[in-house]
Each structure stands twice: as C-alpha cells, then as structure tokens.
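Presented below is the structure to which this report refers.
The values are calculated or read from the model by the stated rules, or taken from the named source; none is laboratory data. Here the structure is a predicted model, which is why all the values come from computation and not from measurement. All Cβ positions, glycine included, derive from the backbone under ideal geometry; neighbour counts span all protein chains shown. When the accessible area is computed, the model is the full protein with side chains, heavy atoms only, and any ligands, DNA or RNA have been set aside. Shrake-Rupley method; radii C 1.70, N 1.55, O 1.52, S 1.80 Å.
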Amino acid sequence: MNKLRATTLVTAILVLIVGAWAQKKAPLALKQTIPVTGLNKDGDFDHFAADVPGHRLFLTAEDNSAVEIFDLGAGKLVHTITDVKAPHSMVYRADLKKLFIVDGGAGELRIYDSDSYKPMGSVKLRDDADSMAYDPSTKYMYVVNGGEGAHMAYSFVSVVDTTAGKNLADIKIDSDAVEALALEKSGPRLFVNMTGKDAVAVVDREKHTVINTWPTGQVAKHLIAMSFDEAGHRLFVSTRTPGKLIILDTDSGKVVTSLPCVSNNDDMAYDPASKRIYISGSGFVDIYHQKDADHYDQIAHFPTAFRARTSILIPELKKYYLAVPHHGTTEAAVRVYDVMPD
C-alpha cells in the first residue's frame with residue numbers, strides 16, 4: 001500500500017469515527033415525522049400543549065386558523081379544530097376534559113370539550129390575545145392581550161379563572177408588545193417579557209401590579225421566549241436583535257451572562273433534571289448545558305428546517321417535538337425527537 005492510499009484510508013477511518021462519535025453525542029435524535037395535512041396555505045405555527053396521560057399533542061396553526069390534534073401513540077393527526085381565527089397558546093385541563101385556546105383573532109379565550117372538540121363557551125379578552133402562563137395551583141391562566149395589535153400603546157395580562165370561566169382582573173403592562181411569561185411557584189411573582197421596552201417586568205400576582213422592571217436592552221433587544229429555573233433563581237430570556245440567551249438573577253434582576261443563539265427564535269424550554277436549555281428558531285435548535293447557576297455551555301447548534309420555531313419538551317416522555325411549517329418543497333409536519341443523554 002503506497003503512502004497516499006494509506007493516508008487516504010486513515011483519513012476516511014478518522015472521519016467515520018468522528019462522525020459516529022458526533023452522532024452518538026447529539027442531544028436529539030429524530031425518531032418520527034408526523035405529516036400535517038389539510039392546511040389551506042403556508043404559514044407559521046405558534047405553540048404546543050400536551051395531554052401526556054392521554055397521549056395527545058395540540059398545536060396551534062396560527063396562520064391557517066386551526067388547532068391540530070395528534071395521537072402520539074398512533075403517531076398521526078386525528079382531528080382539526082377549524083372554528084378559530086388566530087390561535088396562539090393553549091392549556092389542557094384533564095380534570096375538566098377541557099381545552100382552553102387563546103384566539104388572538106377573536107380576542108377571546110375559547111373553551112372546547114377535549115373529547116368531542118365541541119365549543120363550550122369563551123371568555124372575552126382584547127384583540128391580539130397571544131401568549132400565556134398557567135398556575136396549576138389556582139387554575140388561573142395569565143393571558144397577554146392588547147398592545148400594538150389592538151392599536152393600544154400598552155398591553156394587559158388578564159387573570160382568567162379556568163374553573164369559573166371568567167376574567168378576574170387585568171394587569172396593565174407599559175409596553176405595546178409582550179411575548180412571554182414565566183410563573184413563580186414558590187411566591188407571587190410573574191415575569192413578563194416587555195418586548196416593546198427591552199425589559200422584563202416583575203408582577204405581583206396577588207396585588208395585580210408591576211413591582212419591578214429589569215432592563216435587558218444593554219445586552220440585546222426584542223425579547224421573545226422565556227423559561228425559569230426557580231430552584232437556581234435564574235430567569236432565561238431569548239432575544240432576536242441579535243440572537244441571544246440572557247440569564248438573569250431573579251433575586252437582583254441583574255444580567256448574569258449571555259450567549260449567542262439562533263436569532264429568529266420563538267420557543268424555549270428548561271429541563272432541571274438534565275440542566276439543559278432548548279431554544280428553537282428558524283433552521284436550528286440551540287441547546288445549552290447549565291454547569292451551575294452562573295456558567296453555561298452551548299452543546300449543540302442542531303439543524304432543523306426553515307421557520308421551524310415552535311417546539312415543546314416533554315421530559316417525562318424524553319421527547320422533543322418540533323413543528324415544521326410548509327415552505328417550498330418542505331411539507332408541514334411535526335418532528336418527534338428522542339432526547340439523548342449526555
């Protein structure tokens with residue numbers, strides 16, 4: 001064997017070894033692709049909700065005025081709710097067998113029977129109702145509405161009692177755009193992304209008022225997604241200008257550190273068991289490992305698809321679900337990934 005052939009062979013072997021190692025170390029592994037059929041036009045999805053015991057996944061097809069329901073056991077789309085205008089976020093209550101859908105086009109929280117998918121009523125909100133946070137202890141939904149999409153200079157977080165089906169209070173947020181919320185379980189605080197002000201508002205849920213504001217514009221602008229490590233006293237916020245993951249100390253409100261992330265992002269999840277943070281954006285999922293409260297490493301810049309920004313992590317299933325919208329030759333689908341151990 002001459003020297004050139006030997007070198008080529010060694011290089012090929014090394015490429016195979018490195019490739020196999022990289023594949024083994026990838027934090028996500030594609031297991032299944034579930035087609036999303038029957039959409040009338042191209043357009044984005046927004047958020048997921050899950051019925052884990054019932055093996056169902058709910059997905060808002062925002063631009064197609066639909067909510068898609070998937071049977072995770074069968075791995076297929078089983079129903080579509082079509083009498084919504086612009087659905088954004090959802091809560092599923094297994095105890096009531098009800099699905100609560102925030103419909104920004106109707107300016108309502110719409111309520112459906114989760115077996116028949118028939119409408120059961122609604123709670124009136126303002127136009128452009130969008131994201132929400134849910135408190136399982138009180139069964140209250142905190143729903144963003146108003147703002148620029150409703151031709152208002154400020155927004156509201158409405159407190160909706162899902163048991164009674166009524167709006168209890170409106171908390172005014174001095175920003176014409178609010179993108180995400182995170183709820184403190186051990187205390188009364190609610191964290192609110194003031195996208196229009198490049199800051200995080202801290203709300204007292206008992207007093208229904210903003211008690212503090214933490215600026216983030218000095219690091220990056222246009223806040224989008226949010227997640228919370230309550231035990232570690234750290235709030236995670238993503239931005240788009242530029243794409244950043246910002247970590248805030250929830251005791252002081254100060255920025256601890258920041259890392260680059262995919263710029264056109266929309267969803268984030270934090271898994272306290274694995275100490276991983278997942279941010280989904282157009283073309284990639286960025287994944288980080290939390291070494292401790294102050295130190296973070298990016299462990300993957302995982303390629304996905306154009307405008308595949310909608311995702312949900314279900315740790316008890318060890319699954320990560322990603323919605324891929326129709327674009328060009330790419331058909332709309334939900335990709336199901338196994339979450340791989342370190």
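Annotations
- Solvent exposure of the chain, expressed per residue, is 45 Å² of accessible area, with all protein chains present and a 1.4 angstrom probe.
- Whole-number percent relative contact order across the chain, with pairs defined as alpha carbons under 8 Å at least 6 apart: 12
- Loop sites in the stretch 281-334: trypsin sites (Lys or Arg not before Pro), DSSP, at most 15 other Cβ within 10 Å: K318
- The stretch 217-274 and the stretch 83-109 have Cα centres spaced 27 Å apart.
- Rolling a 1.4 Å probe over the protein heavy atoms of the stretch 210-342, with every protein chain left in place, gives an accessible area that is 53 percent carbon and sulfur.
- Helix 3-25 vs. the chain, principal-axis angle (Cα, 0 to 90°, nearest 10): 20
- Normalised by 2.2 N^0.38 Å, with N the number of residues, the alpha-carbon radius of gyration of the stretch 213-280 equals 1.02.
- By the equivalent-ellipsoid construction on the alpha carbon gyration tensor, the stretch 74-166 comes out with semi-axes of 23, 16, 11 Å, ordered largest to smallest.
- Rounded FRET efficiency, nearest 0.05, which uses the C-beta distance separating K254 from T33 and R0 of 45 Å: 0.60
- Set of aspartates and glutamates with alpha-carbon distance to K319 below 18 Å, sequence-local pairs under 8 removed: D51, D71, D267, D271, D286, D338, D342
- Full-stretch length increase - Q298, D174 - with 0.36 nm per residue and alpha-carbon distance subtracted: 41.3 nm
- The distance separating the Cα centre of the stretch 34-70 from that of the stretch 116-182 comes to 20 Å.
- With contacts taken as Cα pairs under 8 Å and at least 6 residues apart, the stretch 176-306 reaches a relative contact order of 14 percent.
- Aspartates and glutamates with Cα under 15 Å of K197, excluding same-chain neighbours fewer than 8 positions away: E148, D174, D176, E179
- Pairs exceeding a 20 Å alpha-carbon distance, out of K97/K139; K124/K172; K98/K275: K98/K275.
- Pairwise FRET efficiency - E148 versus K207, Cβ, R0 = 30 Å, nearest 0.05: 0.70
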